[in-house]
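Trainee: Pasting a structure below so you can have a look.
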Amino acid sequence: MFEFIQLEQLLAIDKYKTLSKAAEELLISQPALSRSMQRLEEELQVTLFTRQKNKITFNENGKLALEYARKIVNSSLEMKEHLQAFDKSNHTISIGSCAPAPIWNLTPEVSRLFPDMKIQSDMKSLDELVDGLINNKYQIIITTDEMNLPDIISRKYCEEHLYISLPPAHPLAGHKSLTLNDLNGQSILILSKIGFWYDICKAKMPDSLFLV
């Protein structure tokens, strides 16, 4: 039976268009790649290429073989990713958050409840968090909105407020509260890695200069 690596080689030839370039990227010699493709044809009992001097192209059989090769390779990668995620979920609780502060509070709470589990956390965009929860990359995520999805429990966890510090002589310093529109156009020193807050500030204060 043909080998998985031969399917990867087949895809490499399609990607790089020539045997020499494909062999270079695969870190094997061109003759070795050529022999591998000949063995693949023997196993399949069909020709996959139209061979000319210094040139090789896929025939109709080869084009069909490419479609199957892509499906098999993609399925194997998906299998690997899902198996690794499943194994990881049995030993690790992964927390994803749209902002840093909730992680600081939630991580020790989860660690106390599950002392035998490793706790891992990171900060991602809202879309990445939802996708990660659906695909079992995360067991817990913190987002800005409640999620209404089947088999997902969504609860309010905490509340955050955005604060700004101003020198006493600043024209806005006497205000009891400020909107982002009030601050638009100001030069603002902002912390790095504040998650979704940074996106909000950039969107609501397009004329401001941010010093990160």
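The values are calculated or read from the model by the stated rules, or taken from the named source; none is laboratory data. These numbers were taken from a predicted model, which means no experiment stands behind them. Here the Cβ positions follow ideal geometry from the backbone for every residue, glycine too, while neighbour counts run over all protein chains shown.
Trainee: Sort out which residues of the range 65-80 are of a type in the set (A, V, I, L, M) and under 21 Å from residue 18 (Cβ atoms), and write them in order of number. Please lay out each step first, then the result.
Mentor: Of all residues in the range 65-80, those of a type in the set (A, V, I, L, M) come to 65-66, 69, 72-73, 77, 79.
Matches in the range 65-80: 65, 66, 69, 73.
Trainee: Within the range 97-129, track down each residue that is more than 16 Å from residue 197 (Cβ to Cβ) and in contact with a strand residue (DSSP E or B) (Cβ under 7 Å, 6 or more places away or on another chain). Please lay out each step first, then the result.
Mentor: Applying the first criterion (more than 16 Å from residue 197 (Cβ to Cβ)) to the range 97-129 yields 105-122, 127-128.
If the condition is that a residue be more than 16 Å from residue 197 (Cβ to Cβ) and in contact with a strand residue (DSSP E or B) (Cβ under 7 Å, 6 or more places away or on another chain), then 106, 107, 110, 111, 114, 117, 118, 119, 120, 121, 122 are the ones that fit.
Trainee: If I filter the range 151-179 down to residues being of a type in the set (A, V, I, L, M) and loosely packed, with under 10 Cβ neighbours inside 10 Å, which single residue comes out as farthest from the chain's Cα centre (by Cα)?
Mentor: Taking the range 151-179 first, the residues of a type in the set (A, V, I, L, M) are 152-153, 162, 164, 166, 169, 172-173, 178.
Now drop any that are not loosely packed, with under 10 Cβ neighbours inside 10 Å, which leaves 153, 169.
Details: 153: 23, 169: 46 Å.
Out of the qualifying residues, it is 169.
Trainee: Answer yes if at least one residue in the range 139-149 is outside the structural domain of residue 198 (by TED's automatic domain parsing), exposed (fewer than 12 other Cβ atoms within 10 Å of the Cβ) and of a type in the set (A, V, I, L, M), and no otherwise.
Mentor: Within the range 139-149, one or more residues are outside the structural domain of residue 198 (by TED's automatic domain parsing), exposed (fewer than 12 other Cβ atoms within 10 Å of the Cβ) and of a type in the set (A, V, I, L, M).
Trainee: Continuing with the same structure: Going by what's in this entry, would residue 194 be described as of a type outside the set (Ser, Thr, Tyr), at pLDDT 90 or above, surrounded by 14 or more Cβ atoms within 10 Å (Cβ to Cβ) and in a loop (DSSP other than H, G, I, E, B)? It would help to see each step written out before you state the result.
Mentor: Working: of a type outside the set (Ser, Thr, Tyr): yes; at pLDDT 90 or above: yes; surrounded by 14 or more Cβ atoms within 10 Å (Cβ to Cβ): yes; in a loop (DSSP other than H, G, I, E, B): yes.
Here the answer is yes, as residue 194 does meet what is asked.
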